[in-house]
Structure formats: structure tokens, C-alpha cells
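This report refers to the structure that appears directly beneath it.
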Amino acid sequence: MLNEHKQFFDEFGKNPLTDEQRRAVIVDENNNFINAGAGCGKTETLIAKIAYLVTKKELQPERILALAYNDSAAKEINKRLGKKDIE
């Protein structure tokens with residue numbers, strides 16, 4: 001899957017996702033939990049995961065629930081998703 005969607009990952013965001021982030025995006029489970037330290041790319045990985053599910057797996061955006069633990073993180077995620085043309 002990583003090779004099949006290499007272009008998607010290489011062109012995603014300002015900086016290409018790391019191999020570890022890419023693996024987190026393609027994990028195909030019903031529920032996913034991302035837990036990592038500050039500044040390591042959690043938000044970018046979450047946004048990539050949502051974009052991947054909508055564009056590559058053809059999942060409808062309204063079927064995705066993404067939780068953030070504070071208001072500023074939620075606003076940042078919504079802002080950054082709004083800039084992606086994933087619908």
C-alpha cells in the first residue's frame with residue numbers, strides 16, 4: 001500500500017510524511033488511536049489519514065469521527081482540512 005500510494009504521500013502537506021506516519025495512515029482498522037509527543041506530526045498524520053480514507057478508500061467524510069483534546073487543536077484540524085479538497 002505504501003508503494004501504491006507513494007505519490008499521495010509525497011505530495012501531502014508542506015513536508016512529506018515520514019515512513020512511520022505513512023504506516024499510521026494506511027493502517028486499516030475500524031478505530032485508530034494516535035498518541036505522540038508535541039511537535040511530532042500528529043495533526044498532519046490525522047489530516048492525512050482523513051484525506052486518505054476519503055480519497056483513496058472512498059469513505060464518506062460524515063462517517064469519520066476525529067477527536068481533539070482541546071479547542072485550539074480542533075480548530076487547527078478543521079482549518080487544515082478545509083484547505084484540502086477531499087470531498
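Only the coordinates and a few stated rules stand behind these numbers; no lab work does. Here the structure is a predicted model, which is why all the values come from computation and not from measurement. Counting neighbours? That spans all protein chains shown, and the Cβs are built from the backbone with ideal geometry, glycine included.
Ranked by the mean number of other Cβ atoms within 10 Å of their residues, highest first, the peptides 58-67, 29-38 come out as 58-67, 29-38.
Ranking ASN31, HIS5, GLY82 by Cα position along the charge dipole of the chain, where only Lys, Arg, Asp and Glu carry charges on their C-beta atoms, puts GLY82 farthest toward the positive end. Helical content alone sets the calculated 222 nm signal of the chain at -13500 deg cm²/dmol, taking -39,500 (n - 2.57) per DSSP H segment of four or more residues and averaging over every residue.
The string of couplings for region 47-54 from the Karplus curve (6.51, -1.76, 1.60, θ = phi - 60°) is 5, 4, 4, 5, 4, 4, 4, 6 Hz, one whole number per residue in order, with x for Gly and Pro. Determine the shape class of region 2-52: with a ≥ b ≥ c the square roots of the Cα gyration tensor eigenvalues, call it rounded for a/c under 1.5, and otherwise prolate if a/b is greater than b/c, oblate otherwise. Oblate is the answer for region 2-52, as a/c is 1.5 or above yet b/c matches or exceeds a/b. Applying D = kT/(6 pi eta Rh) to the chain, where Rh is the Kirkwood radius over alpha-carbon pairs, T corresponds to 20 °C and eta to 1.002 mPa s, the Stokes-Einstein value obtained is 160 µm²/s.
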